[in-house]
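Right, one structure below, let's go through it.
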Amino acid sequence: MQVRRTGLARALSKLGYCSRFAAFEKIRGGEVSVNGRVVRNPEQSVQIGRDRIAVEGQMLGAARKVYFMMNKPRGVVTTASDEKQRKTVCDLLAKEIPWVAPVGRLDMASEGLLLLTNDSEWAVRIIDPARHVDKVYHVQVVGTLKAEMMRAMLKGVCSLNEVLRAKRVSIVREGERNTWIEVVLDEGKNRQIRRILKERGLEVLRLIRISIGPVKLGELAKGSYRPLTPTEKFALDGAIAART
């Protein structure tokens, strides 16, 4: 049977030790050894489970996989680290939480449900556009949303040479000055909802993700996080499998 190999930086990520970016830094800094020899090439081919990989002399084994959900607040960056020294979602985690990375993104001005995990292969399946996992957002816009605007969002608008469309759009409630709408996406292009609404001349006041597949934000407080329950994890796995 053919032995499956991977780059050393990717191996550290797959083992749940750190992000690939952090792995590159550690490897180039001479902190990582393979089979007793320091390796400074992040692309060095290794085999997880056979090669002995160590960081600062500590042998690595596969980390216990963990899965969290967070209610991301506005103004926090969805990344593990930020070159501009802005506050990140990982800064909200307690020190005893093992290394995790966000699954997909919510832009800095957006809020709501965010998944975090050290299971990189699972994360890739969640955000894979081919799996069409529904993500539901509640969006507050200035003014009212007319029927023709809703039809245009479903049909698709062109932005930066991309066709962007929503899977479903409905009105949650209307006021004199603004409207709350529910938008369902089954793909995840950069700032997709904001770009769609901008093309229709609508200003976004708030954007909150309330669910990813069968997992709902619920009453989780802003800035708080908790592990996914076994039922939630099982349901998400089922949603992924149903679209393979």
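Values in this text are rule-based calculations from the coordinates and carry no lab data. A quick note: this is a predicted structure, and the numbers were derived from the prediction, not measured. Here the Cβ positions follow ideal geometry from the backbone for every residue, glycine too, while neighbour counts run over all protein chains shown.
Among Ser170, Ser19, Ser81, the residue with the largest mean-square fluctuation in a Gaussian network model of the chain, with springs joining Cα atoms closer than 10 Å, is Ser170. By its C-alpha gyration tensor, with a ≥ b ≥ c as the square roots of the eigenvalues, how is the range 74-135 shaped: rounded for a/c under 1.5, else prolate for a/b larger than b/c, else oblate? Since a/c reaches 1.5 but b/c is at least a/b, the shape of the range 74-135 is classed as oblate.
Simple rule: put +1 on each Lys or Arg Cβ and -1 on each Asp or Glu Cβ in the range 1-153, find the dipole, and look at Gly57, Phe21, Val89; the Cα lying farthest toward the positive end is Gly57. Rounded to the nearest 20 debye, the dipole size of the chain about its Cα centre is 260 debye, using +1 on the Cβ of Lys and Arg and -1 on the Cβ of Asp and Glu. The residue among Gly112, Pro42, Val204 whose Cα reaches farthest toward the positive pole of the charge dipole of the chain, with charges on the beta-carbon of Lys, Arg, Asp and Glu, is Pro42. If you take the alpha carbon atoms of the range 156-209 and fit the smallest convex hull around them, that volume is 85 Å³ per residue.
With helices as the sole contributors, the chain gives -6000 deg cm²/dmol at 222 nm; each DSSP H run of n ≥ 4 counts as -39500 (n - 2.57), and the sum is divided by every residue. Taking a 25 Å limit on the Cα-Cα distance, which of the listed pairs Lys84/Lys198; Lys65/Lys216; Lys87/Lys167 fall beyond it? Lys84/Lys198; Lys87/Lys167, as the Cα separations exceed 25 Å there.
Mind running the shape call on the range 6-59? Use the C-alpha gyration tensor, a ≥ b ≥ c as the square roots of the eigenvalues: rounded below 1.5 for a/c, prolate if a/b tops b/c, oblate otherwise. Let's see the in-between values first.
Numbers: a/c = 1.29, a/b = 1.06, b/c = 1.22.
It is rounded, given that a/c, with a ≥ b ≥ c, falls under 1.5.
From the alpha carbon centroid of the range 155-178 to that of the range 1-33 is 41 Å. Under the combined filter of DSSP loop state and at most 11 neighbouring Cβ atoms within 10 Å, the range 56-98 retains these trypsin sites (Lys or Arg not before Pro): Arg64, Lys84, Lys95. Among the GluC sites (Glu not before Pro) in the range 150-199, those located in a DSSP loop and surrounded by at most 14 other Cβ atoms within 10 Å of their own Cβ are Glu176.
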